[in-house]
Amino acid sequence: LKMNLWISLDKDFEEFFSGLEKTHKEYLKIEGLSNDKLDPTRFFKGFIKSGNVADASIDPNSNVNSQNMTTLLHEMSKPFQKLVSFNKLFIELKEEYGKEFACKAMLAHIEGDIFIHDAAGFSYFPYCYAYTLKDVVEKGLFFINEMKAEPPKHLNTFNSHTMETVAFLTNLQSGAVGLPDYLLYSFFFWNKDVNEGYIKKEDSEKVKYQQFQKMIFELNQPYLKINQSAYTNFTILDRDYFYGLFGSLVFPDGTLAVDIVEEFMQYQKDFLNYEKEIRKTKSFTFPVLTFSGIFKDGNWKDEDMAKFVVRHNMEWADVNMYQSGNPEALSSCCFDGKQKVLAKG
């Protein structure tokens, strides 16, 4: 029994894609759009024989490293996801700018003039987004339809809620889940637990570092985003950024964020010191860390925090440095405001 199975594509895209088989055959192999990758059975055999996921996948991703059935099924569908994703982009470009422009735009990616990141899903999902945890702190897991969790009362519950939130969000987007206020709310719950006696004062430092460890290890587990780690970002703030972003913040117990600024600055330093120590024995990726500081007239306004981060980076260089003239702009990644990006409004 011989069966020819295929999917419906835009006719102009089919014509463009067919042309690639003659002019850019090697590209199709590299991109995973050749017949051997689009054939699930052949992909299955290649995956089983391969020594690691990167050799078999069309999307060698450092966050995907487990060779199991879940990974196989997810990676096996990526060639089709990418094909349909390109088809979708082609249709949208054609409708907006015409067929000739759509062909030129696709060819620009193929020939390396532009680069489409995460091509297997870029046209389906939003990419990176920064979220505040304020609603989670005040409402709990309000976005879950069933088994809604109440607002956290203690540090351990807050961290568990944060992990649930990351798992929920990371599967609804392609890129990073930025959590610029995670460390701030983490400090609030830790400080509250200590002051109320929930955490004994003599155990406070130990518990703090245990919770840092919990978050770092859990964020790097290979299952949060189906079969990979969740791309996450934390922000380290200088004093001026803190006042600019959280100067009017009132915590759930009525205390003011501005009253704990110096303690919070030390808490951030403690986190950086601890994650630096973990790197001596463990190689990990997340959270990506970005220091946001005010830089004016050739100097960091908060020299204490800036110098601390620079000294920290002398060992591992694992904190991005984002400088701004005012605290209205925030970056959770390594952009400095000068990069050109394409966005659809």
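Below, the figures for the structure above:
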read-out	value
Theoretical gain in end-to-end length, K139 to D203 [0.36 nm per residue, Cα-Cα removed]	20.2 nm
For peptides 235-241, 312-318, sequence by mean Cβ density within 10 Å, most packed first	235-241, 312-318
Heavy-atom accessible area per residue - the chain, 1.4 Å, Å²	55 Å²
Paramagnetic reach from A130 (point 7 Å along Cα→Cβ, amide N under 19 Å) across region 218-257	231-250, 257
Portion, in percent, of the accessible area of the chain that falls on carbon or sulfur, probe 1.4 Å	54 percent
Positive dipole terminus of region 205-317, leading residue within M215, Y243, V309 (C-beta point charges)	M215
Over 21 Å [Cα-Cα, region 173-257], rounded percent	46 percent
Antiparallel DSSP beta bridges within the chain, percent to nearest 5	15 percent
GNM top mover of G46, G121, G254 - the chain, alpha-carbon springs below 10 Å	G254
Unit charges at the beta carbon, dipole of region 84-212: most positive-side option, T162, Y129, A105	T162
Test item: Cα-centred dipole of region 122-261, Lys/Arg +1 and Asp/Glu -1 on Cβ, debye	220 debye
Qualifying trypsin sites (Lys or Arg not before Pro) for region 111-205 [loop in DSSP, other Cβ within 10 Å: at most 13]	K148, K200
R0 of 35 Å, Cβ-Cβ distance W316-K148: FRET efficiency to nearest 0.05	0.35
Reachable aspartates and glutamates from K307, criterion Cα separation under 12 angstrom, eight or more residues apart if same chain	D238
Phi to ³J(HN,Hα) by Karplus 6.51 cos²θ - 1.76 cosθ + 1.60 over region 212-219, Hz, x for Gly, Pro	4, 4, 4, 5, 5, 5, 5, 5
Scattering curve values for region 150-223, log₁₀ I(q)/I(0), Debye with Cα scatterers, q = 0.11, 0.13, 0.26, 0.28 Å⁻¹	-0.30, -0.41, -1.29, -1.41
Listed residue pairs exceeding 18 Å between alpha carbons, taken from K134/K192; K225/K269; K192/K276; K134/K200; K37/K94	K225/K269; K192/K276; K134/K200; K37/K94
Computed magnitude of the charge dipole of the chain (debye, nearest 20; Cβ of K, R +1, Cβ of D, E -1)	940 debye
Rg/Rh for the chain, where both radii come from Cα atoms and Rh is the Kirkwood radius	1.03
Relative contact order [Cα under 8 Å, 6+ residues apart], the chain, whole percent	12 percent
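The values are calculated or read from the model by the stated rules, or taken from the named source; none is laboratory data. These numbers come from a predicted model, not from an experiment. All Cβ positions, even for glycine, are placed from backbone atoms using ideal geometry, and neighbour counts span all protein chains on display. Just so you know, the surface numbers come from the protein's heavy atoms only, side chains and all, with ligands and any DNA or RNA stripped out. Shrake-Rupley method; radii C 1.70, N 1.55, O 1.52, S 1.80 Å.
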